[in-house]
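Below: one structure, written as structure tokens.
The values are calculated or read from the model by the stated rules, or taken from the named source; none is laboratory data. Here the structure is a predicted model, which means the values were calculated and not measured. Note: ideal-geometry Cβ built from the backbone for every residue, glycine included; neighbour counts use all protein chains shown.
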Amino acid sequence: MYNVKSAKAEEFISHQEVEDTLKYADENKNNLELIDEILNKARKEKGLTHREASVLLACENEEKNKEIFELANKIKNDFYGNRIVLFAPLYLSNYCVNGCIYCPYHHQNKHIPRKKMTQEEIKREVIALQDMGHKRIAVESGEDPVNNPIEYILNSIKTIYSIHHKNGAIRRVNVNIAATTVENYKKLHEAGIGTYILFQETYHKESYEKLHPTGPKHNYAYHTEAMDRAMQGGIDDVGLGVLFGLEMYKYEFAALLMHAEHLEAVYGVGPHTISVPRIKKADDIDPSTFDNGISDEIFYKLIACIRIAVPYTGMIISTRESKEVRERALHLGISQVSGGSKTSVGGYDSSIDEDEAEESAQFDVSDRRTLDEVIKWLIDTGFVPSFCTACYREGRTGDRFMEICKNKQILNCCHPNALITLKEYLEDYAKPETKEAGSRKIQEELGRIENNAVKNKTEEYLKEIEKGARDFRF
Ligand code: SAM
């Protein structure tokens with residue numbers, strides 16, 4: 001029944017294969033010889049199969065777990081260096097026809113204020129995001145064919161790209177909207193989106209159907225096969241994710257990797273990103289009613305094991321998590337974080353009453369720091385905040401991105417691009433103390449560029465930025 005290349009969800013995420021994997025992992029969780037063998041394979045930094053990675057996740061040996069965490073950090077550094085990419089979500093509309101029982105947007109929720117932004121309101125949100133310093137956003141919307149048809153999403157993307165306030169620009173719009181048709185994915189591709197993100201929520205079919213009792217999202221196969229349709233529609237950067245807390249994390253982990261293996265086997269390119277959201281308190285939603293909440297320790301182990309299993313895939317952590325959790329996660333494989341986020345419709349525009357906007361929020365945010373505070377924190381903890389969007393704008397997407405990533409070539413352009421975009425941020429948006437810390441960091445990092453031609457060019461770009469020029473890239 002299990003067939004990694006099958007077009008059918010129930011075959012590439014075979015329940016039996018997941019169960020067999022969990023049994024195998026459990027039987028071998030103390031098999032130190034096998035664990036060492038898997039760790040040695042992982043040290044080659046070419047990834048692991050879902051079975052191998054599941055053994056590491058199940059491993060209970062303290063010493064080996066330490067090795068797992070160290071290896072995750074090493075792989076992160078080898079592929080992504082110390083750069084962390086920044087983004088913010090932008091909620092367009094919370095109208096939704098689905099009945100997802102963990103999400104306050106579910107259509108039975110009659111007391112959450114429903115809001116759909118007009119293009120004029122979107123413009124104000126985008127200006128507010130640009131004034132914070134953001135260059136990359138993730139568009140979010142509920143599923144509602146009448147209120148939020150694909151034309152509305154496409155129009156909104158056009159509006160977002162068209163706005164240039166002062167030196168601001170949104171250079172990459174990622175999109176997180178419900179599963180749709182190949183035709184609609186084609187339209188999103190033509191609109192110039194970056195990554196198409198869709199969280200599976202849970203790979204466990206029976207639970208999935210219970211958690212999504214009504215609406216189009218109820219259809220497990222349609223949802224699970226969405227990334228295949230997105231690829232067929234020409235989108236070659238897709239982002240996976242599981243909402244941790246809904247089902248057993250070991251099940252989700254094995255299935256998530258099987259999904260990645262499926263995309264790689266059929267389309268020659270794995271997921272561009274993997275997100276690791278955990279269920280949060282929200283209007284109408286109490287996370288403790290879900291039985292499978294995971295502790296911070298298990299959360300860290302999950303992140304480390306995903307990092308080791310798919311070294312070339314970016315990993316995203318949002319402001320659902322606290323500063324402390326995010327800081328630890330950064331050392332285990334996370335390569336992208338959101339900052340200064342609002343999960344409400346219209347939440348960035350200061351002319352809208354903050355309390356009123358919060359009422360339409362999707363979930364509570366744990367990390368409430370401003371973007372500037374997040375930038376300063378990243379610099380102070382040794383990271384280089386990056387607003388880079390170059391790869392996708394240079395056509396380095398899908399297998400072309402994966403190829404250079406696998407060869408670790410990404411370091412030759414990502415690192416200078418991070419410095420250039422950080423410089424733009426410091427010039428245009430940073431508080432004085434952030435500017436000072438960031439400028440020092442840029443000088444320090446310049447010294448690490450080995451290729452002299454690249455180093456000279458980077459220095460030239462940095463000077464040009466000081467004189468007012470913008471948008472350089474390698
Ligand atoms: N409506 C689209 C869909 O159904 O895929 C996508 C957008 S939805 C706004 C983004 C994600 O938020 C969902 O996929 C879900 O995983 C997550 N989410 C929903 N309720 C949540 C909660 N209470 N806590 C944390 N994350 C939640």
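Miscellaneous remarks
- When residues of the range 195-209 are limited to those that are in contact (Cβ under 8 Å) with a residue 60 or more places away in the chain and surrounded by fewer than 17 Cβ atoms within 10 Å (Cβ to Cβ), the one nearest to the ligand (Cβ to nearest atom): F199
- Single match in G293, G234, G270 (criterion: away from the ligand (no atom under 16 Å from the Cβ), surrounded by fewer than 20 Cβ atoms within 10 Å (Cβ to Cβ) and in a loop (DSSP other than H, G, I, E, B)): G234
- Of the residues screened, E450 is one that is free of Cβ contacts under 8 Å to residues at least 12 places away in the same chain and part of a loop (DSSP other than H, G, I, E, B).
- Residue tally, condition away from the ligand (no atom under 15 Å from the Cβ) and either under 21 Å from the mean Cα position of the chain (by Cα) or not in a loop (DSSP other than H, G, I, E, B) (or both), over the range 158-185: 11
- Scanning the range 83-102 for residues that are within 9 Å of the ligand (Cβ to nearest atom) and touching a strand residue (DSSP E or B) at 6+ places or on another chain (Cβ under 7 Å) gives P89, Y91, Y102.
- Near pairs, Cβ below 6 angstrom, 6+ apart or cross-chain, from the range 110-123 (in contact (Cβ under 8 Å) with a residue 24 or more places away in the chain) to any residue that is acidic (D, E): I112/D283; P113/E359
- Contact annotation: residue pairs with Cβ atoms under 6 Å, 6 or more positions apart or on different chains, pairing a residue in the range 253-272 that is farther than 17 Å from K205 by Cβ and outside the structural domain of G398 (by TED's automatic domain parsing) with a partner that is modelled with pLDDT under 95 and part of a helix (DSSP H, G or I), are G268/D399; V269/G398; V269/D399; V269/M402.
- Within the range 453-474, the set of residues being within 17 Å of N412 (Cβ to Cβ) and not in a helix (DSSP H, G or I) comprises F472, R473, F474.
- Only a single criterion out of (1) within 17 Å of the chain's Cα centre (by Cα); (2) crowded, with 22+ Cβ neighbours inside 10 Å is not satisfied by H212, namely (1).
- Every listed requirement among (1) at negative phi; (2) crowded, with 22+ Cβ neighbours inside 10 Å is met by G133 save one, (1).
- Per the listing K431, K376, K406, the residue uniquely surrounded by fewer than 21 Cβ atoms within 10 Å (Cβ to Cβ), in contact with an Asp or Glu (Cβ under 8 Å, 6 or more places away or on another chain) and not assigned by TED's automatic domain parsing to the domain that holds I170 is K431.
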